[in-house]
Amino acid sequence: MKNYLTNMFWGPANHDEFANGIQQAINQVAPHGIFTGDNFFTFGRNLSFLDDEKFMTAFSKHVETDAEKAIIWRSNILCWAARQSMRIAGDLVECGCYKGVSARIVCDYVELEKSDKHYYLYDLFEHSPEMNHHAMPEHSANLYAQVKQRFADLEQVHVTQGSIPEVLHHIAPEKIALLHIDLNNAPAEIGALELLFDRVSTGGIIILDDYGWLAYRAQKEAEDPFFEERGYRVLELPTGQGLLIK
């Protein structure tokens, strides 16, 4: 039996005191199946992703920062969705790819190069103060080129720089098996859904990275009516992601 422990939590007023409290809680439970990080603590779990050698190899190869290591459960859910999508008509899309880490893990996990699917990645890659969403640590004028290089060996991956939804009018697949949205911005996410939802195949999977997070509640409040008008309801996951199967 294994554990997965990180100290990455977003928002505590005093991180050291919070971490000490988590450690005290850990001391009160059986010493196996414990997960800490990414704003949740659970115990007595199988943590099956730790036994998935293919996933752990891809994940370990590409994660670099403590924050990326902390979101392993989110990464595993995305890989699960990608694996399921390989049986579904259409390509893979990620709106808000940032450094391309999660997409690269997915590519390795599903062996994209052996399939006939394409993976479309979108981001602004740069940030300015007037933008609605907050900056990320590695936004820069160089990030687009760095992400392109990350996928230089995979001709099926298309990295596009531009604002969503505008850029989707110029390059986007006609059929989508997996749609992953992580834009930290309600208008942009609704714009992406308005253009891409009808292209998602029956059985296709939508992952909304920010759906369950209070800091991004504006996205949930915009997306719930969008999906309800179409007869769907998003499942909020403990990871903070939202899951919908069309």
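The values are calculated or read from the model by the stated rules, or taken from the named source; none is laboratory data. All values derive from a computational prediction rather than experimental measurement. No Cβ is skipped: glycine too gets one built from the backbone with ideal geometry, and neighbour counts run over all protein chains shown.
Values as computed for the structure displayed
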item: Selected residue (criterion: nearest to M86 (Cα to Cα)) from residues of the range 214-241 that are buried (at least 18 other Cβ atoms within 10 Å of the Cβ) and either outside the structural domain of A70 (by TED's automatic domain parsing) or in contact (Cβ under 8 Å) with a residue 40 or more places away in the chain (or both); result: Q241
item: Test: T239 is at pLDDT 95 or above, among the polar types (S, T, N, Q) and touching a helix residue (DSSP H, G or I) at 6+ places or on another chain (Cβ under 9 Å); result: yes
item: Subset of the range 85-107 (residues that are assigned to a strand (DSSP E or B) and touching a helix residue (DSSP H, G or I) at 6+ places or on another chain (Cβ under 8 Å)); result: L92, V93, E94, C95
item: Test set (1) closer than 23 Å to E64 by Cβ; (2) modelled with pLDDT of 95 or more; (3) within 18 Å of the chain's Cα centre (by Cα); (4) not β-branched (V, I, T) - A192 fails condition number; result: (1)
item: Lone qualifier among N27, N39 - being touching a residue at least 12 places away in the same chain (Cβ under 8 Å) and out of contact with any Asp or Glu (no Cβ under 9 Å at 6 or more places or on another chain); result: N39
item: Single unsatisfied condition, Q24 versus (1) in a helix (DSSP H, G or I); (2) at pLDDT below 95; result: (2)
item: Scan of the range 64-123 for residues that are surrounded by fewer than 19 Cβ atoms within 10 Å (Cβ to Cβ), within 15 Å of the chain's Cα centre (by Cα) and at positive phi, ordered by number; result: none
item: Test: residue in the range 123-138 that is of a type in the set (A, V, I, L, M, F, W, C) and modelled with pLDDT of 95 or more; result: no
item: Listing of helices (runs of 4 or more DSSP H) fully contained in the range 141-229 that carry 2 or more residues being out of contact with any His (no Cβ under 8 Å at 6 or more places or on another chain), of a type outside the set (S, T, Y) and closer than 23 Å to I245 by Cβ; result: 186-196, 217-228
item: The range 27-60 - residue that is among the acidic types (D, E) and part of a helix (DSSP H, G or I) and, of those, nearest to S102 (Cα to Cα); result: E53
